[in-house]
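Student: Quick one: the structure is below, questions incoming.
Every number here is computed from the coordinates shown, using simple stated rules; none is lab data. In this text, all values refer to a predicted model and were calculated from it rather than measured experimentally. Counting neighbours? That spans all protein chains shown, and the Cβs are built from the backbone with ideal geometry, glycine included.
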Amino acid sequence: MADNAGNSNAQKQNRSKSTNLECKNLYDYLKSRPSNLLEKLYNHPTICLAVYRELPDLAKQYVIRMVFVEQPVPQAVVASWGSQIYSKEHNNASKVLSDLMLWQEAAIPGGLLGWIISPTFKKNIKIALLGGGKTWSMSSALEADSKARDVAFLDTYSQERWECVLHYMVGSQQQEGISADAVRILLHAGLMKRDEEDGTLVITRQGFQFLLLDRQAQVWHFILQYLDTVQERDLDLVECLTFLFQLSFSTLGKDYSTEGMGPGLLVFLQHLREFGLVYQRKRKAGRFYPTRLALNITNNTNKSTPDIEDDHPKGYIIVETNYRVYAYTDSNLQVALVTLFTELIYRFPNLVVGVITRDSVRQALRGGITADQIIGFLKQHVHPRMLESEAKSPLPPTVVDQIKLWELERNRLDYKEGVLYSQFLSQIDFNVLKEYTESNGVLIWFNKEKRTLVINKAAHDDVKRFWKKYSKGS
Amino acid sequence: MNIVLPEESQQDASSAEETSLLVIILDSNPGQKMLRESPHVLTHCVDSVIVFANTHLMQKVQNKLAIMACHSKSSQFIYPDQGKHGDIRQVDGQYEAFTAVEKITKKNLAKVLTSDGSAVITESLLAGAIAMALCYIARLQRTKPPGAKLNCRILVVTGSSCSTSQYMNYMNVFFTAQKQNVVIDVCALDQHLNLLQQGCDITNGLYLKVPQLQGLLQYMMWVFLPEPPIREKLVLPPPLKVDYRAACFCHRQLIDIGYVCSVCLSIFCKFSPICTTCHTVFKMPALPAVKPKKRKKM
Amino acid sequence: MADEDNPKEYRWETGYEKTWEAIKEDDDGFLQASVDDIVQRAKRKRQTLKHGSQKLGMMRHLYLLLDCSESMASQDLKPTRLICTLKLLEMFFDEFFDQNPISQIGIILMQNKRAERVSDLTGNCRKHTKVLGNLGKTNLSGEPSLQNGLEMALSSLKLLPSHASREILVIMGSLTTCDPGDITLTIDSLKSEGVRCSVIGLAAEVRVCRQLADQTNGIYNVILDDSHYKDLLFQQVNPPPAAVCLEASLIKMGFPHQPNNEGSEEPLTMCMCHVDSVDEGSKLTTGGYYCSQCFSKYCELPVECRVCGLTLVSAPHLARSYHHLFPAANYMEVDYSSQTNVCFSCQKPFGEGDKQVYNCPNCKKYFCLDCDIFVHETLHICPGCSTNPLTFQIAVTH
């Protein structure tokens, strides 16, 4: 068993990847797009800005150093910028820049190879930083809004809209329904599926995982799925992406004009309005307010540290070392999420108390949620009081470790396909084959007394050949 | 059985999510030598500093920025200011937030420049400006939400000289910065700044004397843009040796051997019978070469 | 005798009287804000007691008398008195040398009726930390002898030059002391030598300790718990007022600088500090500090040159102590009536919640309470004064 442990882990991850929710970041998303599309995207300063922010630290420095240089820079020179000890990070940075077509190889007189920043990207990132070029499509001048909305209003509005979608997913009855369009996206994303018997919509295992993500990651994932369906709706992907990033770089609490937006974009805007990414008083109001959901849309790394000046919904969960969970909330949705992996004990108007038990966690694991997702969820919504303590992790380490152990408990058995060799005529024959397979690393199990051994199925042909040669020779 | 490695995944993502605050102190004192000779240089410097500031904001969404002007008679914050700026809209393809930084900074800087009287003060009071920046940083550290991490640094851009008259103020701000983990970077435009260089050394910051003012922006992008955690991954100019010699209180000269008052620790280059700082009378001249070993009676 | 003429009353008699009256609920019925307020006010109060002009003993020579008798094994401090003490001392030494860089500390243990010097007076913080690390393993036995300890410290402090400030800090876990002679005589000689003795008691008030501290102008306190212990210990970080018999003199010091000869490689040389040490051995290195008088090399400052006896320091070392001597002027508390809308230094907007603002007597700028505390506890210069060419040197020239 022991020597299989490392192996089994790798296998398990491979297996679970196919069924787990895949959350791409901007880099992964863009990398998988065709190169001509990338070139088109880089024509927009907003996208250049967004791409730049997602680059690794070193790559950012390289780009900044090269943006103001007109000739190609020798590769050896670029390599000498980073210190030797961190050459791995340097290679990673170079790879990302090449993957995203941000720089290209270029020959330098003298036969050296050099890097040169993509001219389109260079031009447009300079526009974003220094000015020049056209204004972004949504920033035409506006009269002051007579009924201007403040940030607090926008926050409640966007939260309501977004929770509407989530409520729909968990099937709670307390909220109004959502549009057929949104349902189609949920189905397309595999977050919900039609029940085979009665055709009603039910949440899938990916759906549960989706619910446990933090708000920003949810929005980003959802929007990515939406963008996949954009072409079917006769919308231009580049146009939509550009607009999306313009929104993400807008200022909260400020109104923007719809003037100069094409019919396609107006449709897109209405979709965003439904999910709460923008607020519009009327469909034809001529102005809209971006909400917090739309801001910094790509910044979806799982946040463990809160942002300064952050007024996101505050955390509400307290976890004690005795596995008790206190959730200060009156929202049915949040209670429903907590009950995914806890056993409820008490319920008060503004507080539920539950306890994390082996059974409750195992039930969640059976539902396809991973231990990391549970821990991640608890961490995101942890009560500010738990963050104040000096400890490195806001959650009690004993609870975190135990949840991980409960997950590992389920992976004690490790399945491998093998071929059984038995009925050897002599101990010598057995030993020869055992040694051969062992030295090749394909032996899975053997028993000396019964002269049987099991080898990896993939190696069966090779071992068979060896055995034939051996038995002929003797 | 497998062993759970506690919190292994938490480490790697941490540095990217920390907020970093950059406070830029721009010396706008018209009395500094550089500006007395060619006042238009200031425009070039301001432009470079604003672009640099915007590049800092461009690095990460969470990054924060403050700009101060250190003027002849006072220092003040010129970005962010207290006013509301909902009316600032894009004029071209520049990112709105960057436009706002540029406009607000220029507007407030103009106010500072015009408010000034005629008196020429050659030395900029940078120590005071750094002290204000430290108070500002201390407030943000106090009021940040629990669990958030805020890395702060101060960048001083100046063409002024530094004389020892501010020595004590400089040392106090450097030690405070060191205690608060604030890095002080110095970009010297005109003259070599010995005292500020000591500050960089004490707080682990970088000191750069810009060889050519024309390339100011490029120098700043190369040297000062990377944050301290990234700096160790890059090859940056090696630190110069710092001269930590003391300047005597009587003649402001750098000295190798001096006399220190046992009551107030003032430094003198020659023996004098009375301490000019604390007015203590020294009873017996200390023997020059040997440290007095025997006890003296009152 | 000491108790009768001591005007200080006991804690439970005044001070905390009717503290509950000062506590008021805020709008939500919480007390926290009110409690915070009291704590901050207490801090401010301590601050205003400090005055810059008085003469301080800056070159401190402090002997730490540490009780290592059986009583230190008691578990009323967690995990034991000794381990808790050592932890706190480690922090104390760091802070002490940070604030008093040209001062020296020595350690004497009191154990089995004997006194044992475990480290001589030195300004090297790392040496002490190492000694402390080893102390954790001492077996605690017997009774302490306060007199033996004091005598040993005194015999060493006697030899110091007259400008040095001499101090003894006793950490006493035991309630008894087992002395060979009359301790009052020892106290008298300490008094005549101008040695200031402070005592921190870990158990209860002992008369002989009270007398020792009162006679020599020291402080005597008994700890309440570990955080109070830390407070008391850290009070010792600030230099005490100069003793009456302390004589002022000018001391010759060297300010070594690393020779700045560009281009040429620095020669490999041996430093004097490691030349005869057995465990670390001496290595040939480049760089280091050269004595300004005899050019012996040392790898760290401050140090006393072994060859010519010159004290070698760097200017920032001296500068670290300046704030004790030239603190920022105390601000005056004034009622807020829209004098200004932001705090001058931190830009915090003043609003309804701010009842008081703080006004600098020199530059007349207004500050918030937090800045007031920050300026006086950490920064030590007033941001308003130091940005104004008319006021920035007031502190230096007053």
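Student: Let me check I've understood the local charge: for B:Cys248, count other residues with C-beta under 14 angstrom from its C-beta, Lys and Arg +1, Asp and Glu -1. What total comes out?
Tutor: Local charge sum for B:Cys248: +3.
Student: Next question, about the same structure. Place a +1 charge on the Cβ of each Lys and Arg in the range B:17-231 and a -1 charge on the Cβ of each Asp and Glu, then give the dipole magnitude about the Cα centre in debye, rounded to the nearest 20.
Tutor: On the way: 19 positive and 16 negative charges, 102 e Å.
With only Lys, Arg, Asp and Glu charged at Cβ, the dipole is about 500 debye.
Student: In addition: With no solvent and one point on each alpha carbon, what is the Debye value of log10 I(q)/I(0) for the range C:56-234 at q = 0.14, 0.16, 0.18 Å⁻¹?
Tutor: Listed by q, the Debye log ratios stand at -0.69, -0.93, -1.22.
Student: Rule-of-thumb check for the range B:245-287: C-alpha Rg over 2.2 N^0.38 Å?
Tutor: On the way: Rg = 9.8 Å, N = 43, 2.2 N^0.38 = 9.2 Å.
Compactness ratio reported: 1.06.
Student: If each residue's Cβ is checked for other Cβ atoms within 10 Å, how do C:Thr186, B:Thr176, B:Thr19, B:Thr114 rank with the fewest at the top?
Tutor: The order, fewest Cβ neighbours first, is B:Thr114, C:Thr186, B:Thr19, B:Thr176.
Student: Give the average, rounded to an integer, of partner chain Cβ atoms located within 10 angstrom of each Cβ in B:261-273. Each step should come with its number before you reach the end.
Tutor: Numbers: counts 7, 17, 13, 9, 15, 5, 7, 1, 0, 1, 2, 1, 1.
Mean number of neighbouring Cβ atoms from other chains: 6.
Student: I'd like the orientation of helix B:126-143 relative to chain B: the angle between its Cα long axis and the longest Cα principal axis, in ° from 0 to 90, rounded to 10.
Tutor: The helix B:126-143 is inclined about 60 degrees to chain B.
Student: If you average the alpha carbon positions of the range C:323-398 and of the range A:210-254, how far apart do those two centres end up, in angstrom?
Tutor: 49
Student: So, one more: Taking the number of other C-beta atoms within 10 Å as the exposure measure, put B:Met34, C:Met270, C:Met72 in order starting with the fewest.
Tutor: Details: B:Met34 20, C:Met270 15, C:Met72 25.
Going from sparsest to densest Cβ surroundings: C:Met270, B:Met34, C:Met72.
Student: If you don't mind, another one. Output ³J(HN,Hα) for the range B:231-242: one whole-Hz value per residue in order, computed from phi by the Karplus curve 6.51 cos²θ - 1.76 cosθ + 1.60 with θ = phi - 60°, and x for Gly and Pro.
Tutor: Running phi through 6.51 cos²θ - 1.76 cosθ + 1.60 with θ = phi - 60° gives 4, 5, 8, 10, 8, 10, x, x, x, 7, 6, 9 Hz.
Student: Quickly work out the C:His228-to-A:Ala458 label distance, labels modelled 7 Å from Cα along the C-beta direction, and quote it in nm with one decimal.
Tutor: Going from the A:Ala458 label point to the C:His228 one covers 7.0 nm.
Student: What number do you get for chain A when its Cα radius of gyration is normalised by 2.2 N^0.38 Å, N = residues?
Tutor: On the way: Rg = 28.2 Å, N = 474, 2.2 N^0.38 = 22.9 Å.
Ratio of Cα Rg to 2.2 N^0.38 Å: 1.23.
Student: Any idea what Rg and Dmax come out to for the range A:144-215 if you just take the C-alpha atoms, in Å?
Tutor: 15.2, 55
Student: When chain B is treated as a GNM, springs tying every alpha-carbon pair under 10 Å, which of B:Gly205, B:Gly31, B:Gly83 comes out with the largest mean-square fluctuation?
Tutor: In the Gaussian network model the winner is B:Gly83.
Student: Three principal axis extents, largest first, for the C-alpha atoms of the range B:147-233, in Å?
Tutor: 42, 33, 17
Student: Moving on. Of A:Lys88/C:Lys297; A:Lys60/A:Lys284; A:Lys392/C:Lys78; B:Lys179/C:Lys348; B:Lys149/B:Lys241; A:Lys40/A:Lys95, which pairs sit farther than 30 Å apart, going by alpha carbon to alpha carbon?
Tutor: In this structure, A:Lys88/C:Lys297; A:Lys60/A:Lys284; B:Lys149/B:Lys241 lie more than 30 Å apart at Cα.
Student: Still on this structure, please answer the following. In Å and whole numbers, how far do the C-alpha atoms of chain B stretch along each principal axis, longest first?
Tutor: 76, 75, 35
Student: Output the 0 to 90 degree angle, nearest 10, between the alpha-carbon long axis of helix A:151-170 and the longest principal axis computed from the alpha carbons of chain A.
Tutor: Helix A:151-170 sits at roughly 40 degrees to that axis.
Student: Right, here's the next one. Let me check I've understood the local charge: for C:Leu146, count other residues with C-beta under 11 angstrom from its C-beta, Lys and Arg +1, Asp and Glu -1. What total comes out?
Tutor: That works out to -3.
Student: When averaged across all projection directions, what area in nm² does the alpha-carbon convex hull of the range C:313-398 cover?
Tutor: Its average projected convex-hull area is 6.0 nm².
Student: Restricting everything to alpha-carbon atoms, can you work out Rg to Rh for the range A:373-474 with a Kirkwood hydrodynamic radius?
Tutor: 1.39
Student: Where in the range C:59-79 is the amide nitrogen less than 18 Å from a point lying 7 Å along the Cα-to-Cβ axis of C:Asn139?
Tutor: What the label zone holds, given the 18 Å backbone N cut-off, is C:68-74.
Student: Can you give me the C-alpha center-to-center distance between the range A:365-410 and the range B:124-139, rounded to a whole angstrom?
Tutor: What the calculation gives is 41 Å, centre to centre.
Student: Something else: Between A:Arg324 and C:Lys355, what is the label-to-label distance in nm when each label sits 7 Å out along the Cα-to-Cβ direction?
Tutor: The two pseudo-label positions are separated by 3.7 nm.
Student: Further question on the same structure: Rounded to the nearest Å, what's the spacing between the alpha carbon centres of the range A:143-172 and the range B:143-215? Just the number, please.
Tutor: 45
Student: Applying the Karplus parametrisation 6.51 cos²θ - 1.76 cosθ + 1.60 with θ = phi - 60° to the phi angles of the range C:164-173, what ³J(HN,Hα) value in whole Hz is obtained for each residue in order, glycine and proline being reported as x?
Tutor: Whole-Hz 3J(HN,Hα) from phi for the range C:164-173: 7, 8, 10, 9, 10, 10, 9, 10, 10, x.
Student: For A:Thr200, what is the net charge nearby, where nearby means another residue's Cβ is under 12 Å from its Cβ and Lys, Arg count +1, Asp, Glu -1?
Tutor: With Lys, Arg at +1 and Asp, Glu at -1, the neighbours total -2.
Student: On to the next question. Under 5 Å between amide H atoms, partner at least 5 residues away or on a different chain: which partners does A:Leu201 have, H built in plane at 1.01 Å?
Tutor: A:Asp195
Student: In what order do C:Tyr358, A:Tyr470 fall by count of nearby beta-carbon atoms within 10 Å, going from fewest to most?
Tutor: A:Tyr470, C:Tyr358
Student: Kindly state, as a whole number, the per residue volume in cubic angstrom of the convex hull around the alpha carbon atoms of the range A:313-410.
Tutor: For the range A:313-410, the hull spanned by Cα atoms encloses 91 Å³ per residue.
Student: Once you keep just the Cα pairs under 8 angstrom separated by 6 or more residues, what percentage relative contact order results for chain B?
Tutor: Details: 408 pairs, mean separation 46.7, N = 298.
Once normalised by length, the contact order is 16 percent.
Student: Counting only Cα, what are the radius of gyration and maximum Cα-Cα distance Dmax of the range A:33-134, in Å?
Tutor: Final numbers for Rg and Dmax: 13.6, 43 Å.
Student: Another question about this same structure. In whole Hz, what ³J(HN,Hα) sequence does the range A:421-437 give by Karplus (6.51, -1.76, 1.60; θ = phi - 60°), x for Gly and Pro?
Tutor: 10, 8, 6, 6, 7, 9, 5, 5, 4, 4, 5, 4, 5, 4, 5, 4, 5
Student: Let me ask another. Report, in cubic angstrom per residue, the convex hull volume of the C-alpha atoms of the range A:151-302.
Tutor: Looking at the range A:151-302, the number lands at 119 Å³ per residue.
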